[in-house]
Amino acid sequence: MLKIGLTGGIASGKSAVGEMFVTLGAHLIQADEIAHQLIQPGEAVYQEVVRHFGVAILNADGTINRARVAELAFGSGSGAGSGKVASRIEELNRIVHPAVIQRQNQWMEGVGRSDPQAIAIVEAALILEAGAGESFDRLVVVTCLPEQRFERWAVRTKTDIETARREVERRMAAQFPDDVKIKAADYVIDNSGSLEVTRKQVDEVFRKLASEANDERLTTND
């Protein structure tokens, strides 16, 4: 089995690329979905997030309001007397990341037991930032132009482009820049063109990964 980390900056198109890999036969899990499960009532991570960020982040039914957490976690800048909120993203990440990494490693192990020739992909924005790069055999980074991030975020959140730009820039401040991610990558997919152009790149990368997975299987069986 080949363990693949699929990462990239916010609104770069990781999910679209991940879906393309799945159609070609890869297994995929999203770290964001794991995190969503871990902050459900009854989970240990839920208890820790509430303890650190307070009951003000809870909805009436006791579930965590992710928008409120994001507002506290990413902040709006710091400055004495400015009225701005300092970022607490590192505090949140210290609570959530270890549990997410443990869960995704367990998932990859399960995939490997059921399909020894599998290509198991974890889609996560903060693989490098969380120090989880060594969990993977290969790293695939998705990139696009900054303006495209703003436009995609505006469409996703149904907001105007200026609001989207501010939110994307705020969240990008907690991520490594593209050039750092690219230097760490085994494969880079440029998602700044059409979906068809992106799909061709995904097809090419998948063929190489499938060949590597097969070579690994043969080596293991020798």
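The values are calculated or read from the model by the stated rules, or taken from the named source; none is laboratory data. Computed from a predicted model, the values in this text were never measured in an experiment. Cβ sites come from the backbone with ideal geometry, for glycine too, and all protein chains shown count toward neighbours.
Pairs are defined by a Cβ separation below 8 Å, a sequence spacing of at least 6 or placement on different chains, a first member in the stretch 57-73 that is farther than 21 Å from Glu167 by Cβ and without any contact (Cβ under 8 Å) to a residue 60 or more places away in the chain, and a second member that is surrounded by fewer than 13 Cβ atoms within 10 Å (Cβ to Cβ) and not small (Gly, Ala, Ser); the pairs so defined are Gly62/Pro41; Thr63/Gln40; Thr63/Pro41. Looking only at residues that are surrounded by 14 or more Cβ atoms within 10 Å (Cβ to Cβ), among the basic types (Lys, Arg) and at pLDDT 95 or above in the stretch 166-199, which one is farthest from Cys144 (Cα to Cα)? Per the criteria, the residue is Arg199. Every condition in (1) touching a residue at least 24 places away in the same chain (Cβ under 8 Å); (2) in a helix (DSSP H, G or I); (3) within 16 Å of the chain's Cα centre (by Cα) is met by Asp203 except one, and the failing one is (3). Would the stretch 29-37 turn up any residue that is at pLDDT 95 or above, assigned to a helix (DSSP H, G or I), among the small types (Gly, Ala, Ser) and closer than 25 Å to Val168 by Cα? Checked the stretch 29-37: at least one residue is at pLDDT 95 or above, assigned to a helix (DSSP H, G or I), among the small types (Gly, Ala, Ser) and closer than 25 Å to Val168 by Cα. Go over the candidates Arg88, Arg103, Arg68 one by one and state the one that is surrounded by 13 or more Cβ atoms within 10 Å (Cβ to Cβ), basic (Lys, Arg), modelled with pLDDT of 95 or more and within 20 Å of the chain's Cα centre (by Cα). So the residue among Arg88, Arg103, Arg68 that is surrounded by 13 or more Cβ atoms within 10 Å (Cβ to Cβ), basic (Lys, Arg), modelled with pLDDT of 95 or more and within 20 Å of the chain's Cα centre (by Cα) is Arg103. What do you reckon, is Gly133 within 26 Å of Leu209 (Cβ to Cβ), touching a strand residue (DSSP E or B) at 6+ places or on another chain (Cβ under 8 Å) and not polar (S, T, N, Q)? So Gly133 passes the test.
Scanning the stretch 138-176 for residues that are farther than 19 Å from Leu128 by Cα and polar (S, T, N, Q) returns Gln148, Thr157, Thr159, Thr163. Against the numbered list (1) surrounded by 18 or more Cβ atoms within 10 Å (Cβ to Cβ); (2) within 28 Å of Leu38 (Cα to Cα); (3) among the basic types (Lys, Arg), Arg113 comes up short only at (1). Can you tell me which residues in the stretch 131-164 are among the aliphatic types (A, V, I, L, M), over 23 Å from Val22 (Cα atoms) and crowded, with 19+ Cβ neighbours inside 10 Å? Result: Ala154, Ala164. So for the stretch 8-23 (the condition being part of a loop (DSSP other than H, G, I, E, B), surrounded by 15 or more Cβ atoms within 10 Å (Cβ to Cβ) and hydroxyl-bearing (Ser, Thr, Tyr)), does at least one residue qualify? Yes, there is a match, as at least one residue in the stretch 8-23 is part of a loop (DSSP other than H, G, I, E, B), surrounded by 15 or more Cβ atoms within 10 Å (Cβ to Cβ) and hydroxyl-bearing (Ser, Thr, Tyr).
Summed over the stretch 133-164, the residues that are at pLDDT below 95 and closer than 12 Å to Lys3 by Cα give a count of 3.
Being charged (D, E, K, R) and surrounded by 13 or more Cβ atoms within 10 Å (Cβ to Cβ) is the filter; apply it to the stretch 33-58 and report the residue that is nearest to Lys181 (Cα to Cα). Among those residues, the one meeting the criterion is Glu48.
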